[in-house]
Amino acid sequence: MTVMLISVKVRPGKEREFMQLMDSLLCDPEQIKGLKTSKLYQEVEDPNGFQVILEWETQEESERFLDTARFGVLAGAARVLCEKSEVSYGGVLRNLQNIQM
């Protein structure tokens, strides 16, 4: 099993839109090959801070997810809705807004 962590700081007033997008993209792990679970957390001290935790069966499947249309929507949303975003998996940290889809 491998874990992917997506950390974002959503622009003020865009929190609900971000949560709805995450729900629509990740609500059914069975639709995404290799995804075991997905969880969305909102920070208590900063309501604009969110953590998305994706648990994958293998690191290869988590890396393949980065080439999917679903992840492309997520990366595009990060450019529009977020001030800051990062993806980490397998010891690699990337700025989500700079990932080209």
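The set of residues from region 1-52 being hydrophobic (A, V, I, L, M, F, W, C), more than 20 Å from Gly76 (Cβ to Cβ) and at pLDDT below 90 comprises Met1, Val3.
Here region 67-87 is the region considered, the condition is being under 10 Å from the mean Cα position of the chain (by Cα) and over 16 Å from Ser24 (Cα atoms), and the residue that is modelled with the lowest pLDDT is Val87. Restricting attention to region 56-80, the residues that are among the charged types (D, E, K, R) and closer than 16 Å to Glu17 by Cβ total 1. Looking at (1) over 13 Å from the mean Cα position of the chain (by Cα); (2) modelled with pLDDT of 90 or more; (3) of a type in the set (A, V, I, L, M); (4) within 16 Å of Ile6 (Cα to Cα), which is the only condition Val92 fails? Here Val92 meets the rest and fails (2). A count restricted to region 34-61 and to residues that are among the polar types (S, T, N, Q) and within 10 Å of Met1 (Cα to Cα) stands at 2. If you go through region 2-39 and keep only what is surrounded by 14 or more Cβ atoms within 10 Å (Cβ to Cβ), touching a residue at least 60 places away in the same chain (Cβ under 8 Å), within 20 Å of Arg64 (Cα to Cα) and of a type outside the set (Val, Ile, Thr), you end up with Met4, Ser7. When residues in region 25-72 are screened for being in contact with a helix residue (DSSP H, G or I) (Cβ under 8 Å, 6 or more places away or on another chain) and either of a type outside the set (A, V, I, L, M) or not in a strand (DSSP E or B) (or both), 15 of them pass.
The values are calculated or read from the model by the stated rules, or taken from the named source; none is laboratory data. None of these values were measured; they are calculated from a predicted model. All Cβ positions, glycine included, derive from the backbone under ideal geometry; neighbour counts span all protein chains shown.
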